Amino acid sequence: MVDHSGASLLVDGGRSGRRIRDRLQRLNVQDLDAIVITHNDADHIGGLEEVLDLYTVEHVYVNGAVGSTKTYEELTAAVQAEGSAITAVSRGDFINLGGLKLSVLHPGVLAGDSNVDSVVLKVECGVVSALLTGDAEAESERDMLKAGVLGDVDVLKVGHHGSRSSTSPEFLAQVKPEVGVISAGLENSYGHPHQEVVDRLKAAQVQLLMTDTTNADNTLAMTSDCATYQFLQPAQPLGN
């Protein structure tokens, strides 16, 4: 995301260095000030070494969990070589990015499960708000509901690629998004998004957009003047 001052932040980097490079270049991102790593799974951090090669990144924000995979170890070494300041964030923290208000809603205390411990970030620009959930699970949602940190948002990045393990009815009733964005690969082996989640979102009258609905590498971008928002190069809306 890029704010009106030109400050820029990347949340996660996908699995592929080539794909994240192509997407950032297509969006004409010239500089990158910071990266938020929601959690350490390979499909969220695998492309970030390429990002660190492309840009001088001053800050990297993490949830504080330590990974055990080769991908995690290689990324950690790359961040250290970059000289980025590494900050572990938790509920109640704020990330400074120009004119945007970035609030960390989760995790509170680490549970020891990679997905459950995903950083959940609320982004506010004027009256426009978005909730970025990583792979947060229903357990994460219950924790946020108990903490009383959730409220209405305009745009929801649907948790865990639309898995049935996320987007509980209680969570959805609290955040009441107008638009839900589901990031899931075409014909992926996990069956994401799961139909019960799609049905739940549709019943709540949430407009659904997919980032990957064909073999083409679609880019779904949202722009906002902090009073209204729109999606550019919209992906194909999810069918019945």
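Scanning the range 1-13 for residues that are under 16 Å from the mean Cα position of the chain (by Cα) and at pLDDT below 90 turns up M1, V2. Going by what's in this entry, would T56 be described as part of a loop (DSSP other than H, G, I, E, B) and closer than 11 Å to V79 by Cα? It is true that T56 is part of a loop (DSSP other than H, G, I, E, B) and closer than 11 Å to V79 by Cα.
Annotation note: Cβ proximity below 9 Å between a residue of the range 65-76 that is at negative phi and in contact (Cβ under 8 Å) with a residue 12 or more places away in the chain and a residue that is hydroxyl-bearing (S, T, Y) and not in a helix (DSSP H, G or I) (sequence gap 6+ or interchain) occurs for A65/S114; G67/S114.
When restricted to residues that are at negative phi and not in a helix (DSSP H, G or I), the range 13-29 contains 5. What residue, of A78, A7, A65, A34, is out of contact with any helix residue (DSSP H, G or I) (no Cβ under 9 Å at 6 or more places or on another chain) and more than 20 Å from T133 (Cβ to Cβ)? From the options A78, A7, A65, A34, the qualifying one is A7. For the range 148-172, residues that are loosely packed, with under 15 Cβ neighbours inside 10 Å and touching a residue at least 24 places away in the same chain (Cβ under 8 Å) total 4.
Exactly one residue out of L10, L32 is surrounded by 15 or more Cβ atoms within 10 Å (Cβ to Cβ) and either assigned to a loop (DSSP other than H, G, I, E, B) or out of contact with any strand residue (DSSP E or B) (no Cβ under 6 Å at 6 or more places or on another chain) (or both), and it is L32.
For the residues L121, L75, the requirement of being under 25 Å from L32 (Cα atoms), within 16 Å of the chain's Cα centre (by Cα) and not in a loop (DSSP other than H, G, I, E, B) singles out L121. Counting the residues of the range 35-53 that are of a type in the set (A, V, I, L, M) and either surrounded by fewer than 17 Cβ atoms within 10 Å (Cβ to Cβ) or not in a helix (DSSP H, G or I) (or both) gives 4. Against the condition among the aliphatic types (A, V, I, L, M), more than 30 Å from A173 (Cα to Cα) and over 16 Å from the mean Cα position of the chain (by Cα), how does V149 come out, does it pass? Considered against the rule, which asks whether it is among the aliphatic types (A, V, I, L, M), more than 30 Å from A173 (Cα to Cα) and over 16 Å from the mean Cα position of the chain (by Cα), V149 comes out as no.
Does the range 181-188 include one or more residues that are touching a helix residue (DSSP H, G or I) at 6+ places or on another chain (Cβ under 9 Å), among the aliphatic types (A, V, I, L, M) and modelled with pLDDT under 90? Yes, there is a match, as at least one residue in the range 181-188 is touching a helix residue (DSSP H, G or I) at 6+ places or on another chain (Cβ under 9 Å), among the aliphatic types (A, V, I, L, M) and modelled with pLDDT under 90. Evaluation of S224 against the conditions (1) buried (at least 18 other Cβ atoms within 10 Å of the Cβ); (2) at pLDDT below 55; (3) hydroxyl-bearing (S, T, Y) shows that the sole unmet condition is (2).
The values are calculated or read from the model by the stated rules, or taken from the named source; none is laboratory data. Since the structure is predicted, the reported quantities are computational estimates derived from the model, not experimental observations. Don't worry about glycine lacking a Cβ; one is built from the backbone with ideal geometry, like all the others, and counts go over all protein chains shown.
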